[in-house]
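The values are calculated or read from the model by the stated rules, or taken from the named source; none is laboratory data. As the structure is a prediction and not an experimental result, all values here were calculated from the model. Positions of Cβ are backbone-derived with ideal geometry, glycine not excepted, and every protein chain shown enters the neighbour counts. Remember, those area values only see protein heavy atoms, side chains included, never the ligands or the DNA or RNA. Shrake-Rupley method; radii C 1.70, N 1.55, O 1.52, S 1.80 Å.
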Amino acid sequence: MATDQAGSDATEADTYEQFERRVQRISNVGNAAGILRWDQEVVMPDEGTPARAQQLSTLSSLSHELLTADETGQLLDDLEDDDLTDEQAAVVRETRRQYDRETSVPQELVEELSATASNAHPTWKQAREEDDFEQFAPTLEKLVELKREYAAHIDPDADPYAVLFADYEPYIDLETAERVLERLREELVPLIDAIQDSDADLATDAFAGEFDDDDQEALARDVLGSLGYDWDRGRLDTAPHPFSSGTQFDARVTTRFDEEDLLGSITSTIHEFGHANYTLGLPDEGYGTPLGEARDLSVHESQSRLWENHIGRSRPFWEHFLPVARERFPGLEDVSPDAAYEAANQVYDDNLIRVEADELTYHLHIVIRFEIERDLIRGDLEVSEVPQVWNDKYEEYLGVRPETDAEGCLQDIHWSHGDFGYFPTYSLGSVLAAQLYAAAEDDRGPFDEEIREGEFDDLNGWLREHIHQHGKHFVTPDLIERATGEDLTADHFLEYVTEKYGKLYALEDY
């Protein structure tokens, strides 16, 4: 009997090891594709697109074939009733979910989506540069059509937008996201209105001037080094739309520079540091499996927004970092930490660009995109109507109206990637960032003095312990509850911005 049990245990172990090797192969193909996408957006020659589209399509097809092969399905079935560890069960759970979704989608559609998205990027880029939505419209129509088809294959009876949203946030349902967005819209609009009516005179011109791109890059490296970026496993480059990508062994940051917007490059760099820092905090031993991957986009965005807003826009941070900035830009000698803090937190009354938006109006940018892409996917809005609807919503929600497509519906890269369902995770991430920061301070005490001294190890250690090290071990609601002791809630974010901006703008009712 003991021999039979030992043989059974050995068989189960062999099955899991075989399964894990397959998962790692799939992961490595995806990671290789990620490097090619980074290269396409950062350093690839302009005429490289036709070949790159084929390369990415081939890798996408190979990944799809490996995941959806009968062998993968058989291994998943064999492991269904095995006595697995919690970690092994999590790897099986995540792979099973991905397998079930992708086996629903024909390989030909996967290849067509990948190729269309690859070719869409330069089309979007040229359309934006030439301020001509009509150049991009046929490609957008094709992407919408393909994504509807994709959603129908996965669940023909479900809301197609909910199906797409689940690609980016599989464990927080669309109804929860809608409730968060609605609550933010309901409570932020009157706060923003009160701010617009305020007589407070913030030092909004603290960073006025012209700042050389090379010096800005040097300062971006300063801020990354100050926050603790691991240069042995990362790098800094520029891209038209800042992003971070990679693995725990190679997590890359991109940013962009505007000679008249030093503050924008600093906050953008800190934002992307948050993403890369999360990636670098994933366990090395989990590489190649879900245990070494980030827990989806809302959690990922919580890390970037936490560092950008709760750290990079705080008064203690500017008490620490302003002397460093003055070394690169002596013209900032007369700028005080209070002035820098006020400039970093001004609420704009005329902002049209999401990535340049302040901490409050940012979420109305998200609401607009969410409503438009949801209606596109559901068939309630035609692509040709997007510029008009976009401009109307900006006027209604933000009181400003884009004069060009470039500063309007062409400003974001996401739709050219076919990333419908992505935008809500930005607001979910901001909400979670505040919840995590509050929990960390409850646990470790206020971080203000440490930030003032340029010490970030304690905060980062808390994030490593409660978020980073777990990879995809836990589903999102469980990870949040374990880290904070409560379900996802907008309470902490709204308390944080109400107190912060109430003081900044001397609002009597806040």
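Check Thr404 against each of (1) within 27 Å of Pro240 (Cβ to Cβ); (2) without any contact (Cβ under 8 Å) to a residue 60 or more places away in the chain; (3) open to solvent by 10 Å² or more (accessible area, probe 1.4 Å) and name the one condition it does not meet.
Failed condition: (2).
Among Leu84, Leu75, which is touching a helix residue (DSSP H, G or I) at 6+ places or on another chain (Cβ under 8 Å) and in a helix (DSSP H, G or I)?
Numbers: Leu84 fails: in a helix (DSSP H, G or I).
That would be Leu75, the only listed residue that is touching a helix residue (DSSP H, G or I) at 6+ places or on another chain (Cβ under 8 Å) and in a helix (DSSP H, G or I).
On the given criteria, is Lys503 part of a helix (DSSP H, G or I), charged (D, E, K, R) and open to solvent by 10 Å² or more (accessible area, probe 1.4 Å)? So that I can check it myself, show each step before the final result.
Numbers: part of a helix (DSSP H, G or I): yes; charged (D, E, K, R): yes; open to solvent by 10 Å² or more (accessible area, probe 1.4 Å): yes.
For Lys503, the condition - part of a helix (DSSP H, G or I), charged (D, E, K, R) and open to solvent by 10 Å² or more (accessible area, probe 1.4 Å) - is met.
Find the residue count for the range 460-476, including only residues that are touching a residue at least 60 places away in the same chain (Cβ under 8 Å), part of a helix (DSSP H, G or I) and open to solvent by less than 10 Å² (accessible area, probe 1.4 Å). Spell out how you get there, then give the answer.
Taking the range 460-476 as the starting set, the residues that turn out to be touching a residue at least 60 places away in the same chain (Cβ under 8 Å) are 460, 463-464, 467-476.
Within this subset, residues satisfying the condition of being part of a helix (DSSP H, G or I) are 460, 463-464, 468-470, 476.
Narrowing the set further to residues that are open to solvent by less than 10 Å² (accessible area, probe 1.4 Å) leaves 463, 468, 476.
Residues that pass the stated criteria total 3.
Find the residue count for the range 447-459, including only residues that are on the phi > 0 side of the Ramachandran plot and either hydroxyl-bearing (Ser, Thr, Tyr) or open to solvent by less than 10 Å² (accessible area, probe 1.4 Å) (or both).
Applying the first criterion (on the phi > 0 side of the Ramachandran plot) to the range 447-459 yields 454.
Add one more test, that the residue is either hydroxyl-bearing (Ser, Thr, Tyr) or open to solvent by less than 10 Å² (accessible area, probe 1.4 Å) (or both), and what stays is none.
Qualifying residue count for the region: 0.
Return the residue satisfying two criteria in turn: it lies in the range 277-302 and is touching a residue at least 40 places away in the same chain (Cβ under 8 Å) and among the β-branched types (Val, Ile, Thr), and of such residues it is farthest from Arg252 (Cα to Cα). Break it down stepwise before answering.
Narrowing the range 277-302 to residues touching a residue at least 40 places away in the same chain (Cβ under 8 Å): 277-278, 280-283, 286-302.
Filter once more, keeping what is among the β-branched types (Val, Ile, Thr): 289, 299.
Details: Thr289: 20, Val299: 18 Å.
Checking each candidate, the answer is Thr289.
Report the residue count in the range 51-70 for those that are open to solvent by 30 Å² or more (accessible area, probe 1.4 Å) and free of Cβ contacts under 8 Å to residues at least 24 places away in the same chain.
Residues in the range 51-70 being open to solvent by 30 Å² or more (accessible area, probe 1.4 Å) and free of Cβ contacts under 8 Å to residues at least 24 places away in the same chain: 4 in total.
Does Asp131 qualify as being of a type in the set (Asp, Glu), open to solvent by less than 70 Å² (accessible area, probe 1.4 Å) and not in a helix (DSSP H, G or I)?
Values: of a type in the set (Asp, Glu): yes; open to solvent by less than 70 Å² (accessible area, probe 1.4 Å): yes; not in a helix (DSSP H, G or I): yes.
Yes.
So, in the range 361-391, of the ones that are buried (at least 20 other Cβ atoms within 10 Å of the Cβ) and of a type in the set (Lys, Arg), which residue ends up farthest from Asp157 (Cα to Cα)?
The residue in question is Arg369.
Would you say Leu479 is within 30 Å of Arg369 (Cβ to Cβ), modelled with pLDDT of 95 or more and open to solvent by less than 20 Å² (accessible area, probe 1.4 Å)? Even if it seems obvious, please write down each step before you answer.
Working: within 30 Å of Arg369 (Cβ to Cβ): yes; modelled with pLDDT of 95 or more: yes; open to solvent by less than 20 Å² (accessible area, probe 1.4 Å): yes.
In short, yes.
For the condition in contact (Cβ under 8 Å) with a residue 60 or more places away in the chain and over 25 Å from Thr254 (Cβ atoms), what is the one hit in Leu364, Leu432, Leu428? If you could, list the steps in order and put the result at the bottom.
On the way: Leu432 fails: over 25 Å from Thr254 (Cβ atoms); Leu428 fails: over 25 Å from Thr254 (Cβ atoms).
Exactly one of Leu364, Leu432, Leu428 is in contact (Cβ under 8 Å) with a residue 60 or more places away in the chain and over 25 Å from Thr254 (Cβ atoms), namely Leu364.
Listed here are the residues, each with its yes/no results for (1) touching a Cys at 6+ places or on another chain (Cβ under 6 Å); (2) of a type outside the set (A, V, I, L, M); (3) farther than 14 Å from Ala438 by Cβ.
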site	(1), (2), (3)
Gly471	no, yes, yes
Phe474	no, yes, yes
Pro477	no, yes, yes
Glu495	no, yes, no
Thr498	no, yes, no
Leu504	no, no, yes
Leu507	no, no, yes
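So, in the range 408-421, exactly how many residues are surrounded by fewer than 24 Cβ atoms within 10 Å (Cβ to Cβ) and in a helix (DSSP H, G or I)?
Number of matching residues: 2.
Taking the range 188-208 as the region of interest, how many residues are surrounded by 13 or more Cβ atoms within 10 Å (Cβ to Cβ) and closer than 13 Å to Asp509 by Cβ?
4
Could you tell me whether Val324 is in contact with a Leu (Cβ under 8 Å, 6 or more places away or on another chain), of a type in the set (A, V, I, L, M, F, W, C) and either open to solvent by less than 10 Å² (accessible area, probe 1.4 Å) or assigned to a loop (DSSP other than H, G, I, E, B) (or both)?
no
Quick test for you: out of Thr176, Thr247, Thr254, pick the one residue that is open to solvent by 30 Å² or more (accessible area, probe 1.4 Å) and among the polar types (S, T, N, Q).
Thr176
For Leu494, only one of the following conditions fails: (1) surrounded by fewer than 19 Cβ atoms within 10 Å (Cβ to Cβ); (2) under 30 Å from Gln248 (Cα atoms). What is its number?
Looking at each condition in turn, Leu494 falls short on (2).
Scanning the range 336-360 for residues that are over 14 Å from Arg313 (Cβ atoms), open to solvent by less than 30 Å² (accessible area, probe 1.4 Å) and in a loop (DSSP other than H, G, I, E, B), which turns out modelled with the highest pLDDT?
Residue satisfying both the conditions and the ranking: Leu352.
Checking Pro424 against (1) farther than 29 Å from Arg374 by Cα; (2) open to solvent by less than 40 Å² (accessible area, probe 1.4 Å), which test does it fail?
(1)
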